[in-house]
There are 2 protein chains.
Amino acid sequence: MGSARRTVRLPGPFTMRSGGVLPRVDVAYETWGALSPAKDNVLLLVTGLSPSAHARCSAEDPTPGWWEEMIGPGLAIDTDRFHVVCVNSLGSPHGSTSPASIDPRTDAPYRLTFPVLTIEDIASAAREALRALGLARVRAVVGPSLGGMTALAYAMQFPDEVDALVTISSAARATPFAIAIRSVQREAIRSDPDWRGGAYDQPGPVRGLRVARKLGLITYRSAAEWRQRFSRERVDVRTPGAGPFDVEFEIEAYLEMHAQKFVGTFDANCYLYLSRCMDLFDVAEHGGSVEAGLARIRARKTLVVGVETDFLFPIDQQAEIALLLERAGRDVRFVRLPSIQGHDSFLVDYDRFGPTVGSFLGEIS
Amino acid sequence: MGSARRTVRLPGPFTMRSGGVLPRVDVAYETWGALSPAKDNVLLLVTGLSPSAHARCSAEDPTPGWWEEMIGPGLAIDTDRFHVVCVNSLGSPHGSTSPASIDPRTDAPYRLTFPVLTIEDIASAAREALRALGLARVRAVVGPSLGGMTALAYAMQFPDEVDALVTISSAARATPFAIAIRSVQREAIRSDPDWRGGAYDQPGPVRGLRVARKLGLITYRSAAEWRQRFSRERVDVRTPGAGPFDVEFEIEAYLEMHAQKFVGTFDANCYLYLSRCMDLFDVAEHGGSVEAGLARIRARKTLVVGVETDFLFPIDQQAEIALLLERAGRDVRFVRLPSIQGHDSFLVDYDRFGPTVGSFLGEIS
């Protein structure tokens with residue numbers, strides 16, 4: 001079984017927003033649906049922190065993608081209409097140039113010599129990748145979570161190249177609460193002796209990554225969901241030889257299972273860079289205020305989606321984006337979903353997300 | 001400057017609720033206000049996870065206590081009326097018998113051979129300490145956070161010995177969300193190689209404790225408070241030689257300052273035991289349901305206080321305690337405070353907590 005992942009090399013060196021140059025940048029991507037002869041049906045999908053470009057299965061790679069239920073013929077992101085291009089973020093270990101890549105100037109991995117990464121860089125690299133593929137314009141840019149920030153940055157930096165914008169469970173800038181959570185996640189990784197100041201050999205700071213991932217999982221769901229789902233249930237069988245603080249409650253087993261799946265699939269330094277770039281994102285840097293920054297967006301239609309139980313990217317942050325775009329005279333739809341699964345609802349509650357995204361995209365045809 | 005801390009040794013071995021016996025138990029305590037000749041003005045104060053019995057300054061120890069603004073002549077907990085006894089929890093490193101104490105059977109520290117600790121044990125040890133001091137009955141038992149659970153357990157286990165109950169920012173049982181948070185805190189400690197399976201020498205797993213404490217701090221306050229207080233402010237001067245992921249935002253500096261204050265003052269194994277005992281607490285174990293458990297409480301008056309911005313012990317948990325006590329025919333006052341400081345409001349928002357607690361205690365005289 002092959003991978004559907006392709007990689008495009010950007011034509012020249014890539015200058016990072018906060019300084020530093022990457023002499024050579026590759027961007028991994030996958031596509032679904034035919035490109036129209038006029039090349040006017042491109043839908044760019046940008047991702048959250050951890051996913052790869054494998055958003056949906058394909059002939060080359062039949063494993064389900066991270067948004068399998070949302071993308072396909074007749075689905076919310078309709079591959080009968082759109083040429084969907086999902087781009088792996090700059091800085092991600094899933095194929096694009098990242099801190100885990102070899103710096104051609106030194107023939108050694110970048111590790112912490114990788115320049116400071118910003119959301120704007122991720123958006124720019126995605127745009128350069130599309131141009132290298134001969135796609136100058138996007139019909140829609142769609143992104144959840146970190147990808148929702150990337151979508152905003154894309155529409156803000158390249159306002160004439162985006163027809164429609166969909167930003168999901170995202171924010172115009174990070175709150176101190178979210179910065180604090182991510183800071184503690186990074187500290188868990190950095191304080192693992194196996195991190196070695198970023199110069200680890202594989203498998204690297206596994207214990208720190210586990211703690212970081214578990215804390216992430218806590219902030220991706222909601223207390224209400226876990227009350228319904230796990231309550232105070234105990235695991236049936238505790239691990240033989242388990243100490244007094246090992247897994248005892250079902251909620252702990254859930255965290256454990258997901259942490260084990262994550263560790264080994266994600267490079268720790270990449271995690272640090274992608275985590276920090278969310279802290280740094282602030283639309284207000286584009287024009288002096290959040291309002292001025294958002295006013296740079298000229299998409300003809302925008303969909304802003306938020307979830308009431310999200311406490312990592314709380315819904316008032318999505319409401320703010322919608323309100324300020326509206327004040328700037330843009331055509332905005334704001335959808336407030338009552339999903340119980342918190343920030344991660346877009347990965348779970350397809351009954352709500354499917355129709356919400358699908359009906360919006362249906363109207364921009 | 002001396003310490004006002006005294007220690008009382010319980011008269012015999014102490015049997016733990018989940019099995020195991022402590023052959024010798026000391027309980028550290030401090031007192032303020034005179035004991036009445038009839039010994040009928042005892043107010044027992046039980047604490048959160050980290051504080052010592054030093055709730056207020058005294059002649060022997062003039063340093064401010066952890067509830068300095070709440071206790072004193074004419075204050076909410078009025079030492080002109082009450083003989084206030086603050087008891088350090090069993091399992092805490094601040095003077096009471098704990099995993100850091102010497103097991104007289106082995107002449108070595110208990111460490112992980114300390115039996116499973118429960119909230120009920122903490123309440124029982126406090127009660128035995130009072131009896132050893134000749135105090136058979138309490139006018140009121142007052143506790144915030146973990147101490148609010150201890151106060152519930154006290155009133156439930158010794159219903160005929162408690163006149164009034166004050167439980168603040170507490171719960172009848174832990175939610176899976178709170179268990180998850182604490183589980184990750186414990187994992188940060190346990191995955192620090194310096195923990196050594198509990199057999200560390202001082203200073204022990206400092207890096208793990210730092211991460212645990214920072215995560216605690218995040219859950220003790222509220223996102224709304226931090227937005228007001230820190231917004232996205234940057235620190236003026238970054239540490240020389242700081243790496244790309246060191247403190248950059250004010251919120252990170254705040255976490256750093258508090259973590260540094262905590263580490264070195266709290267034993268890691270004690271932290272694990274006290275953390276776990278909150279997960280294990282479930283009033284429903286006393287009678288088959290939360291309702292039946294709470295119905296065992298026969299205090300003549302109960303005050304239940306909660307804070308709307310608390311997401312670690314969310315206010316519907318305090319509402320549940322009040323509702324079920326009321327259904328059981330008890331005289332209950334439920335106060336819902338709009339403080340912005342989250343779970344820790346009882347340590348900060350004295351303008352609200354002072355009158356709330358003071359007026360209730362005034363009515364039980």
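Numbers below:
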{"read-out": "Cβ pairs under 7 Å, 6+ apart, first in region B:269-284 and surrounded by fewer than 24 Cβ atoms within 10 Å (Cβ to Cβ), second modelled with pLDDT under 95", "value": "B:ARG276/A:PHE245"}
{"read-out": "Positions within region B:221-247 being of a type outside the set (D, E, K, R) and either more than 9 Å from chain A (Cβ to nearest Cβ) or within 30 Å of B:SER101 (Cα to Cα) (or both), in sequence order", "value": "B:GLN228, B:VAL235, B:VAL237, B:THR239, B:PRO240, B:GLY241, B:ALA242"}
{"read-out": "From B:ILE77, B:ILE71, residue being free of Cβ contacts under 8 Å to residues at least 60 places away in the same chain and more than 20 Å from B:GLY134 (Cα to Cα)", "value": "B:ILE71"}
{"read-out": "Close pairs from region A:9-37: first touching a residue at least 40 places away in the same chain (Cβ under 8 Å) and surrounded by fewer than 16 Cβ atoms within 10 Å (Cβ to Cβ), partner among the aromatic types (Phe, Trp, Tyr) and part of a strand (DSSP E or B), Cβ under 7 Å, at least 6 apart", "value": "A:VAL21/A:PHE14"}
{"read-out": "Region B:199-220: number of residues that are within 9 Å of chain A (Cβ to nearest Cβ) and either on the phi > 0 side of the Ramachandran plot or buried (at least 21 other Cβ atoms within 10 Å of the Cβ) (or both)", "value": "7"}
{"read-out": "Residue within region B:2-14 that is assigned to a loop (DSSP other than H, G, I, E, B), among the aromatic types (Phe, Trp, Tyr) and over 19 Å from the mean Cα position of the chain (by Cα) present", "value": "no"}
{"read-out": "Among (1) more than 22 Å from A:VAL305 (Cβ to Cβ); (2) touching a Leu at 6+ places or on another chain (Cβ under 9 Å) - the single one A:ASP201 does not satisfy", "value": "(2)"}
{"read-out": "Scan of region A:170-193 for residues that are over 28 Å from A:VAL141 (Cβ atoms), outside any helix (DSSP H, G or I) and facing another protein chain (nearest Cβ under 7 Å), ordered by number", "value": "A:SER191"}
{"read-out": "Hey, A:ILE340 surrounded by fewer than 23 Cβ atoms within 10 Å (Cβ to Cβ), within 14 Å of chain B (Cβ to nearest Cβ), in contact with a strand residue (DSSP E or B) (Cβ under 6 Å, 6 or more places away or on another chain) and under 30 Å from A:ARG232 (Cα atoms) or not", "value": "no"}
{"read-out": "Verdict on B:ALA136 being within 14 Å of chain A (Cβ to nearest Cβ) and in a loop (DSSP other than H, G, I, E, B)", "value": "no"}
{"read-out": "Residues of region A:77-113 that turn out to be hydrophobic (A, V, I, L, M, F, W, C), under 12 Å from A:VAL25 (Cα atoms) and either assigned to a loop (DSSP other than H, G, I, E, B) or not assigned by TED's automatic domain parsing to the domain that holds A:ASP351 (or both), as a count", "value": "1"}
{"read-out": "Hey, B:PRO64 within 20 Å of the chain's Cα centre (by Cα), outside the structural domain of B:THR219 (by TED's automatic domain parsing) and surrounded by fewer than 16 Cβ atoms within 10 Å (Cβ to Cβ) or not", "value": "yes"}
{"read-out": "Per-region count, region B:76-128, residues more than 14 Å from chain A (Cβ to nearest Cβ), of a type in the set (S, T, N, Q) and within 13 Å of B:CYS270 (Cα to Cα)", "value": "7"}
{"read-out": "A:MET257 within 14 Å of chain B (Cβ to nearest Cβ), surrounded by 17 or more Cβ atoms within 10 Å (Cβ to Cβ) and outside any loop (DSSP other than H, G, I, E, B)", "value": "no"}
{"read-out": "Out of A:VAL304, A:VAL335, sole residue that is in contact with a strand residue (DSSP E or B) (Cβ under 6 Å, 6 or more places away or on another chain) and touching a residue at least 40 places away in the same chain (Cβ under 8 Å)", "value": "A:VAL304"}
{"read-out": "Selected residue (only one of A:ARG227, A:ARG196, A:ARG232 is surrounded by fewer than 21 Cβ atoms within 10 Å (Cβ to Cβ) and in a loop (DSSP other than H, G, I, E, B))", "value": "A:ARG232"}
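Every residue, every condition in (1) in contact with a Lys or Arg (Cβ under 9 Å, 6 or more places away or on another chain); (2) outside any strand (DSSP E or B), yes or no:
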| residue | (1), (2) |
| --- | --- |
| B:SER18 | no, yes |
| B:ARG24 | yes, yes |
| B:VAL27 | yes, no |
| B:ALA34 | no, yes |
| B:LYS39 | yes, yes |
| B:LEU44 | yes, no |
| B:PRO51 | no, yes |
| B:ALA55 | no, yes |
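The values are calculated or read from the model by the stated rules, or taken from the named source; none is laboratory data. Predicted, not measured: the structure shown is a model, and the values here were computed from it. Here Cβ is always computed from backbone atoms with ideal geometry, including for glycine, and neighbour counts include all displayed protein chains.
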